[in-house]
Amino acid sequence: MKPFLLLAMVGFAMPQPAFADTAFRQGEWQSYVGNFVTGDGRVLDTANGDISHSESQGYGLLLSVLADDRPMFERIWSFTGSSLLVRDDGLAAWRWDPASVPAITDANNATDGDMLIAYGLLRAAALWDEPAYAAAATPIVKTIGQTLLVQADGLRAILPGAEGFTDAQGGPILNPSYWIFEVFPAFADVDPGSGWEGQTRTGLDILRRAALTPAGIPADWVQLTDGAIRPAPGFEPEFGYNGIRIPLYLMRAGLDPAFLRPFLKNAPAPDLAKIDVMSGNTTEPIGEPGYRLIRAAMDCALNGTPVPVELQTMTPSSYYAATLQLLMLDHLRRQRTDCLSGEV
Amino acid sequence: MARLPVIVLLGAALGLGYVGLSQPWVFRNLSGSGTPAAPAAAMPTEAVAPLFVAQAVAQPARPDETALRYFARQGDTVRLQREIERLRGLYPGWEPPADPLADDYAPDQGIIDIWDLYGAGDYAAARAAIAAKQAADPSFVPSPDLLASLALGEAGLQLRSASDAGQYDTVISVAANHPDLLVCTSVDNLWRLAEAFVRRDRLERALDSYRYILANCTDGPERYATMQKAADLLDRADLDSLMALERPDADGRPEFAPIRIDLARRAVAAALEEDGAAPSAADLALFEQHVADTNAPDDLRLLGYYNLDANRANEARRLFLKAFELDPSAASAEGLGVAYLRLRDFAAAESTLADYRDDSDALGSLYLDASAALLAGEPRVTLDGGVLGRIVDAVMVRRSANTAQELGWYAYAFQQPQTAAEWFTLALRWQPDLEPAAYGLLVASDALGDAATVTALKVQWSGRSARISTFGQNSASSPIAPVPAARSATSPQRSASSGSSSASSSSAASCTGFVPPASLSPEAAQSRAWCMMGGNRPAQAVDLFARALQSPSQKTRSDAAYGQALAYVRMGLASEASVAAAAAPLSREKAIELDVAILTLRATSAYSVGDYMRALDALELRARYAPERNDLLTLRAWSYYHLRRYREALQIFSAVAATGHGDAAAGLAATEQALQILH
């Protein structure tokens, strides 16, 4: 795509200064913004009817920081704060549908979305030396810390939402991909004592329990019971689009690559895959470039295999795949340039 | 523009001092000071000044007059004056331009663009543009007025989003932190705040908000809309206290006169709800006067139903006639038809409803009720061919078993037993357990000398209808005229049609009169439906439960599904009952109760059409949930008997007969006789 067209689409976006602290290439980031961010600061889930949600806004904020693009951060934050962060408890309503009036079609929260928003704000506060961002993040972190870190089979765990996840028999329903490992140290700093300090361990314990199951990886929605893990009642016993973020988060947080092994084993090259966790069988490939890059990065981390050249630049296929690809590229270009040896 | 006079006063008046359940969300202040932007209206100039002292190094020598000239162009004198004062404070010796509209000043186009974005409500783009301008020019400092304006715009958006999402604590806390949102020019914000207070049970604060509008805001349509909104949320006494703030409108009339009528109308309509309170005499008189003055068909009909409910059927008829004359619609015909039914003028009811019988299911069944009542009238009147023709059409289209059997009795009364038998047979095909039809077929068959049918009916209905099983035992076998009392007691649809005319409906005194289900709230429809069930009027109950099924409350829906299924059982419609039972989740107990009732119905229905295998299947299924009563054991035994499984029949008949169940004794005798013939 032609850069000037993209600039026109994003209105006031300015060319990034040459000294910008980012691992993104200019065309990459402009392509992401041009495809997935509206002029009024909404990050579109293009595979789901162009709705927005607290997760997409949170990723948008974090990526703006990683792109060192403060105007874009301001744009996305303005929408997020005025249109989603409206819940009485200070968290974000999770779903915003442009085709609906009123646009908030579900006022429940999605805890990972809230975490991403707060983390984006904390990273922004540090990068641009702006305490007001941190001041906005702190109540979000504290509300989650004090109301949504719950007991699950002896562990302190992240409840996926304020409503609807504690009614099932056998303990709360959890989502292992809500353990965004890189956020926990920052959250423990602003909200000490709520239980953030132990969340890395909880997240890894969940993966250890999953390692003992037939697939070796957890379903997207699970329950912890009797020292083990099982698919949550009422959900498909399936590892899918939620869980594929787990290896990405593990790598970004610099955790032990051994945890990646079962995820790589369940990813038939060159794709990731949906996995029936009861049988361990592959049910459907997950194959956009953004997803393939996660597989390639695992292969590099465990086996030293270089990342294929065609995956080393972001392809804006869908909002979700492009988002995960940028997060993965940010990690590889900053931490693992050895994996990008074939890069042109 | 009326603003809240003093912020402190507002806090006291609206009770905002102790809100703050959620942390107010504060937009970042891009001046770089790091302090959160103060709520716009709460930003007194002295609080701003130190911030700019700290920034003095970065201040250009000449003041930036962009915002000043922007406000001038917009004609925003309040902001213009504030900006002049601000710049005077920052630049001693500076004088504002003599003509702020003059072209002698070259403003920064970038800042004008930002204000334009703000003016278009595009706050996100304005934020982005400020950040971009700062990135390009580190010396650029946005004016506090721009930042405050943006923060206020964003807060307004947040308040509306929270209000739409039912997050009322957030609404209250945003309003508390941004009192500048609460102005007459944004009356919608005040409405939303008032609603938030109502929803959070802080009624006094809600009333304060409404009173603030009525005391300060002058826009007539907005004042009027304020009262309309209050009327949806407040009770009558509180509304009357707001009414005291009424002013004369442009023509010197009380501005809320139509609201008073609307409140009176609501009071009259509320009386039609189940357990609804009667309207005050003043409300009723006001509404009656309004109806007399305007003759609006909707109001005529409402007052008509009110009079029906108050047992003033003649007045109701007058009102519905007027409505029908002005608006010959289905709604008017329905009301008029109901009034005629209440007055027992069945011929008028039938003829009024005839043209509208295909407009809706409700009108269709009302028409059939009227027709059934007309046919059943005593002494019998001769109906002309046109009337009979359209009744027959409606019966066939809607497969009305009840009206079909009334056609049977009508034919029988006019010495046409063959025609009567055909109608009774048809009625039984549509509703196999309709006892009056079976009895009619018995009487007609007897008159026709059809002994085989008479015997078959007596066997099928043994245990279920005394007058069928004992037919011919006492008197001679000459056919006697049907006993109306007996029929009306066992014919729910007929008693529904004749309303107050039949003895059985007196038990349903609290829900006499027809009220269209769609005119009721789901909950009111629900309680009316149960009342109908109490009065043995399941057909009406079905429609009312259907309305209740539209409730957003799962409990109401569940109760409605249960009730509707029971009503279908009562009407003998097993398949419809099963479908209804599946319309909403039911408790285990209720689900079992319904299964038992439906299976009982399937068993008796199957038996009555001679399908003994299916009767036994249904009984087997039923036995999983509940023990078999004597009458069903007898039905089971008769089924075995008809299937020539005499041993099993004998076993059950013996056991049941031993308990003294008379019908079983007859079965026992018949079975023993059959066994003797076999051996």
Taking each residue of A:87-99 in turn, how many C-beta atoms of other protein chains fall within 10 Å of its C-beta, and what is the average?
3
Do me a favour and compute the ellipsoid semi-axes for region A:150-344 from its Cα gyration tensor, root of five times each eigenvalue, largest one first, whole Å.
28, 20, 14
10 Å Cβ neighbours from other chains, averaged over peptide B:154-167:
6
Mind checking which of A:SER64, A:LEU174, A:THR213 is farthest towards the positive end of chain A's charge dipole, using Cβ charges of +1 (Lys, Arg) and -1 (Asp, Glu) about the Cα centre?
A:THR213
Can you compute the modelled spin-label distance between B:SER280 and B:ALA456, with each label point 7 Å from Cα toward Cβ, in nm?
6.8
For region B:641-666, list residues with backbone N below 11 Å from a point placed 7 Å from the Cα of B:GLU672 toward its Cβ?
B:654, B:665-666
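Please order A:PHE187, B:PHE545 by the number of other Cβ within 10 Å, starting at the fewest. Numbers along the way, then the final one.
Values: A:PHE187 26, B:PHE545 32.
By the 10 Å Cβ count, ascending, the order reads A:PHE187, B:PHE545.
Express the relative contact order of chain A as a whole percentage, based on alpha carbon pairs under 8 Å and six or more residues apart in sequence. Walk me through the intermediate numbers first.
Values: 635 pairs, mean separation 42.7, N = 344.
Relative contact order here is 12 percent.
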Can you compute the FRET efficiency between B:ARG380 and B:LYS555 using 1/(1 + (r/R0)^6), with r the Cβ-Cβ distance and R0 = 51 Å? Round to the nearest 0.05.
0.60
Placing unit charges on C-beta atoms (Lys and Arg positive, Asp and Glu negative, everything else neutral), compute the dipole magnitude of region A:120-206 about its Cα centre in debye, rounded to 20.
40
Once both labels are modelled 7 Å past Cα along the beta-carbon direction, what's the B:ALA466-B:VAL397 spacing in nm?
4.1
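When the chain is fully extended, how far beyond the present Cα-Cα distance does B:ARG318 get from B:TYR91, taking 0.36 nm per residue of separation?
On the way: separation 227, 0.36 × 227 = 81.72 nm, distance 8.03 nm.
Result: 73.7 nm gained on full extension.
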If you bin every alpha carbon distance in region A:184-225 into 5 Å steps from zero, what whole percent lands in each bin?
6, 22, 23, 16, 14, 13, 6, 1
Leading residue at positive end of dipole, the protein assembly as shown (Cβ point charges), from B:ALA151, A:THR202, B:ILE172:
A:THR202
Take the alpha-carbon positions of chain A, form their convex hull, and give its projected area averaged over all directions (one quarter of the hull surface) in nm².
16.7
Here the equivalent ellipsoid of region A:18-147, derived from its Cα gyration tensor, has semi-axes (largest first, whole Å) of 23, 20, 10
Ranked by Cβ crowding within 10 angstrom, fewest neighbours first, how are B:LYS555, A:LYS142 ordered?
B:LYS555, A:LYS142
Once you put a point 7 Å from the Cα of A:TRP128 and another 7 Å from the Cα of B:ARG247, both along the Cβ direction, what distance in nm separates them?
4.5
Computed FRET efficiency, Cβ-Cβ of A:GLU197 and A:ASP338, R0 35 Å: what is it to the nearest 0.05?
0.65
So between B:PHE414 and B:ARG624, what do we pick up on full extension, going 0.36 nm a residue minus the alpha carbon distance?
70.7 nm
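Dipole magnitude of the protein assembly as shown about its Cα centre, charges +1 at Lys/Arg Cβ and -1 at Asp/Glu Cβ only, in debye to the nearest 20? Walk me through the numbers before you get to the answer.
Details: 85 positive and 119 negative charges, 542 e Å.
For the protein assembly as shown, the charge dipole is close to 2600 debye.
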If you take the beta carbon distance between B:ASP232 and B:ASP361 as r and set R0 to 41 Å, what does 1/(1 + (r/R0)^6) give as a FRET efficiency, to the nearest 0.05?
0.85
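For the protein assembly as shown, what D do you get in µm² per second when you plug the Kirkwood radius from alpha-carbon pairs into Stokes-Einstein at 10 °C and 1.306 mPa s? Don't skip to the answer; put the middle values down first.
Values: Rh = 35.2 Å.
It diffuses with D of about 45 µm²/s by this estimate.
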Charged-residue dipole, Cβ positions (Lys, Arg, Asp, Glu), chain A about Cα centre, Debye nearest 20:
580
Tell me which of A:SER318, A:GLY234, A:MET298 sits at the most positive position along the dipole axis of chain A, charges placed on C-beta atoms (Lys, Arg +1; Asp, Glu -1).
A:MET298
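By how many nm would the segment from A:ASN108 to A:LEU204 grow when fully extended, if each residue of separation counts as 0.36 nm and the alpha-carbon distance is taken off? Kindly include the intermediate steps, with their values, before the conclusion.
Working: separation 96, 0.36 × 96 = 34.56 nm, distance 2.70 nm.
Here the answer is 31.9 nm.
Quick one: which of A:237-249, A:202-214, A:129-141 comes out on top by average Cβ neighbours within 10 Å, and what's the full order, highest first? Mind dumping the intermediate values first?
Numbers: A:237-249: 22.8, A:202-214: 18.5, A:129-141: 20.9.
Top of the packing list down: A:237-249, A:129-141, A:202-214.
Only the coordinates and a few stated rules stand behind these numbers; no lab work does. Since we're looking at a predicted model, the values are computed, not measured. Cβ atoms come from the backbone with ideal geometry, glycine included; neighbour counts cover every protein chain shown.
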